[in-house]
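The values are calculated or read from the model by the stated rules, or taken from the named source; none is laboratory data. Because the structure is a prediction, the values reported are computed rather than measured. All Cβ positions, glycine included, derive from the backbone under ideal geometry; neighbour counts span all protein chains shown. Side chains included, ligands, DNA and RNA excluded: accessible areas come from the protein's heavy atoms. Shrake-Rupley method; radii C 1.70, N 1.55, O 1.52, S 1.80 Å.
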Amino acid sequence: MIIYKRKITREDVSNLDKNEQLIYYKTDTVAIVINQSNNRYILRKKQIENNELIDEVFLNTVDEVMNFL
(Lines give C-alpha, C1' and ligand atoms only; values in the text may rest on other atoms or scores of the structure.)
Protein backbone atom coordinates (compact mmCIF):
# COMPACT_ATOMS: atom_id res chain seq x y z
CA MET A 1 0.00 0.00 0.00
CA ILE A 2 1.34 3.40 -0.99
CA ILE A 3 -0.29 6.50 0.46
CA TYR A 4 -0.04 9.95 -1.13
CA LYS A 5 -1.19 13.31 0.15
CA ARG A 6 -0.06 14.93 -3.07
CA LYS A 7 -1.49 14.79 -6.58
CA ILE A 8 -1.03 11.37 -8.19
CA THR A 9 1.14 11.41 -11.33
CA ARG A 10 1.01 9.31 -14.47
CA GLU A 11 4.21 7.54 -13.34
CA ASP A 12 2.62 6.59 -10.00
CA VAL A 13 -0.22 4.82 -11.79
CA SER A 14 2.01 3.30 -14.49
CA ASN A 15 4.31 1.76 -11.89
CA LEU A 16 1.48 0.21 -9.89
CA ASP A 17 2.04 -3.52 -9.34
CA LYS A 18 -0.85 -5.99 -9.36
CA ASN A 19 -0.68 -6.63 -5.59
CA GLU A 20 -0.23 -2.97 -4.73
CA GLN A 21 -2.73 -0.21 -4.13
CA LEU A 22 -2.39 3.54 -4.12
CA ILE A 23 -4.33 5.65 -1.69
CA TYR A 24 -4.69 9.28 -2.68
CA TYR A 25 -6.18 11.70 -0.16
CA LYS A 26 -8.11 13.99 -2.51
CA THR A 27 -9.52 16.12 0.32
CA ASP A 28 -9.59 15.93 4.11
CA THR A 29 -12.73 13.78 3.91
CA VAL A 30 -12.38 11.81 0.64
CA ALA A 31 -9.73 9.31 -0.46
CA ILE A 32 -9.34 7.47 -3.74
CA VAL A 33 -8.00 3.91 -3.67
CA ILE A 34 -6.46 2.68 -6.92
CA ASN A 35 -5.51 -0.91 -7.68
CA GLN A 36 -5.04 -3.04 -10.75
CA SER A 37 -6.80 -6.30 -11.59
CA ASN A 38 -7.19 -8.25 -14.85
CA ASN A 39 -5.41 -5.56 -16.91
CA ARG A 40 -7.71 -2.76 -15.78
CA TYR A 41 -7.70 -0.21 -12.99
CA ILE A 42 -10.24 -0.11 -10.19
CA LEU A 43 -10.81 3.27 -8.53
CA ARG A 44 -12.84 3.49 -5.36
CA LYS A 45 -13.78 6.86 -3.91
CA LYS A 46 -14.32 6.52 -0.15
CA GLN A 47 -15.17 8.67 2.83
CA ILE A 48 -12.15 8.69 5.14
CA GLU A 49 -14.10 8.94 8.38
CA ASN A 50 -16.14 5.73 8.03
CA ASN A 51 -14.60 4.03 4.95
CA GLU A 52 -17.97 4.31 3.16
CA LEU A 53 -17.80 3.66 -0.57
CA ILE A 54 -18.96 6.72 -2.54
CA ASP A 55 -18.14 5.57 -6.07
CA GLU A 56 -16.41 2.69 -7.86
CA VAL A 57 -15.11 2.94 -11.42
CA PHE A 58 -13.38 0.41 -13.70
CA LEU A 59 -10.96 1.93 -16.22
CA ASN A 60 -8.68 0.40 -18.86
CA THR A 61 -5.83 2.87 -19.35
CA VAL A 62 -3.60 5.18 -17.34
CA ASP A 63 -4.98 8.12 -19.33
CA GLU A 64 -8.52 7.27 -18.23
CA VAL A 65 -7.34 7.11 -14.62
CA MET A 66 -5.64 10.50 -14.89
CA ASN A 67 -8.76 12.06 -16.43
CA PHE A 68 -10.91 10.65 -13.62
CA LEU A 69 -8.64 12.11 -10.95
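Show the residues, 5+ positions off or on another chain, whose built amide H is closer than 5 Å to the amide H of Ile48.
Correct list: Val30, Ala31.
By how many nm would the segment from Asn19 to Arg44 lengthen if fully extended, with 0.36 nm per residue of separation less the alpha-carbon distance?
Separation in residues times 0.36 nm, less the Cα-Cα distance, equals 7.4 nm.
Mean projection of the alpha-carbon convex hull of the chain over all orientations, in nm²?
With every direction weighted equally, the projected area is 4.2 nm².
Taking amide H atoms as placed 1.01 Å from N in the peptide plane, list the residues 5 or more away in sequence, or in a different chain, whose amide H sits under 5 Å from that of Gln21.
Ile2
Net charge around Asn35, counting only other residues with Cβ within less than 9 Å of its Cβ (Lys, Arg = +1; Asp, Glu = -1)?
Computed value for this residue: +1.
Tell me, what % of the accessible area of the chain is carbon and sulfur with a 1.4 angstrom probe? Intermediate values should be presented prior to the final figure.
On the way: 1910 of 4580 Å².
Carbon with sulfur: 42 percent of the solvent-accessible area.
Step through the residues of the range 46-55 one at a time and calculate ³J(HN,Hα) from phi using the Karplus curve (6.51 cos²θ - 1.76 cosθ + 1.60, θ = phi - 60°), rounding each to whole Hz and writing x for Gly and Pro.
10, 6, 5, 4, 10, 6, 6, 6, 9, 7
Hey, if you put +1 on the Cβ of every Lys and Arg and -1 on every Asp and Glu Cβ in the chain, which of Thr9, Leu43, Ala31 ends up farthest toward the positive end of that dipole?
Thr9
For the chain, what does the relative contact order come out to in percent, with C-alpha contacts under 8 Å and a separation of six or more?
On the way: 124 pairs, mean separation 16.5, N = 69.
Relative contact order for the chain comes out at 24 percent.
Place a +1 charge on the Cβ of each Lys and Arg in the chain and a -1 charge on the Cβ of each Asp and Glu, then give the dipole magnitude about the Cα centre in debye, rounded to the nearest 20.
Using only the charged Cβ atoms, the result is roughly 100 debye.
Could you give me the ³J(HN,Hα) list for the range 16-24, computed from phi with Karplus coefficients 6.51, -1.76, 1.60 and θ = phi - 60°, whole Hz, x at Gly and Pro?
Listing the rounded values in order: 5, 7, 4, 9, 10, 9, 9, 10, 10 Hz.
Whole-Hz Karplus ³J(HN,Hα) for the range 5-10, in order, using 6.51 cos²θ - 1.76 cosθ + 1.60 and θ = phi - 60°, x for Gly and Pro?
These are the phi-based 3J(HN,Hα) values: 10, 10, 5, 6, 9, 4 Hz.
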